[in-house]
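The values are calculated or read from the model by the stated rules, or taken from the named source; none is laboratory data. Since the structure is predicted, the reported quantities are computational estimates derived from the model, not experimental observations. Here the Cβ positions follow ideal geometry from the backbone for every residue, glycine too, while neighbour counts run over all protein chains shown.
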């Protein structure tokens, strides 16, 4: 077939339009925002509030469409939220589990729907580790060890004295409560003069921490030498109870806690708290990057640990201006 110059030109233009049209479609597809379903534990503490803010801010800055659900510290609410995310066919699911166990069924549903799952802050206990892609968060056992090591060093100032410890645990069955207790107990086991005489959950809240500390004081009184709290909010609540009992927190009772929130630094500056072990809630930017890598099919580590420090009261005033939460 003989082609005229006009025919060739026309076909070239048509091909050009087709290519441009395909490129436009590809660009539109590429511009489609990543959709993340995120189930948060709740809003039980300063730490959790900062964690939520970090995730929401990072999603906004990164152009991620975030479907956020507050579980109000109930596992059944998180299960419902995850199933809702599956039904909505989100690109990725992330959540901070209320407790460690009881996730196998709903995570199998997410896997069947081919939706990757990222754990943040807290781990889960499942038989099939492929039910989640990665876990981003702190090493809670190490946090317990750090709290214990600080107390061992403090105990060297009075080597002949027995230090009776009361412990405010986090939410029963939660990863930080289990691990922070284990790490602390493992560490202080080297000194038989450090003894935990009372241990009870304060559910990570300030109000419950105060309530349980009041009960500890009523039962043990001046026998208590040390308070070990699994988070700063419970410690701050307990400090109120100690003061109302006519004692001086930080002096009459050594106060050791975990998280590193601004409220803890204020308490240290006031001489009411002796040390806080850092547990950073600012996981948002890291979560968004990992989510994009996961959805793109890039390999990611199974465990991503955040780097954190220990802040005794002596450095509180200097460090306080640097705190972001």
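Quick notes
- Hey, residue 217 in a helix (DSSP H, G or I) and assigned by TED's automatic domain parsing to the domain that holds residue 64 or not: no
- Checked against the criterion of being assigned to a loop (DSSP other than H, G, I, E, B) and modelled with pLDDT of 95 or more, the candidates 204, 184 yield just one match: 204.
- Subset of segment 134-169 [in a loop (DSSP other than H, G, I, E, B) and either out of contact with any strand residue (DSSP E or B) (no Cβ under 8 Å at 6 or more places or on another chain) or surrounded by 22 or more Cβ atoms within 10 Å (Cβ to Cβ) (or both)]: 138, 156, 157, 158, 159, 160, 161
- Checking each residue in segment 221-272 for being touching a strand residue (DSSP E or B) at 6+ places or on another chain (Cβ under 6 Å), in a loop (DSSP other than H, G, I, E, B) and buried (at least 21 other Cβ atoms within 10 Å of the Cβ) picks out 224, 230, 231, 260, 272.
- Subset of segment 203-229 [over 20 Å from residue 148 (Cα atoms) and touching a residue at least 60 places away in the same chain (Cβ under 8 Å)]: 203, 205, 206
- In segment 273-294, the residues that are within 22 Å of residue 114 (Cα to Cα) and crowded, with 16+ Cβ neighbours inside 10 Å: 287, 288, 290, 291, 292, 294
- For residue 87, the conditions (1) more than 21 Å from residue 199 (Cβ to Cβ); (2) buried (at least 22 other Cβ atoms within 10 Å of the Cβ) are fulfilled apart from (2).
- All of (1) buried (at least 16 other Cβ atoms within 10 Å of the Cβ); (2) under 18 Å from residue 258 (Cα atoms) hold for residue 309 with one exception: (1).
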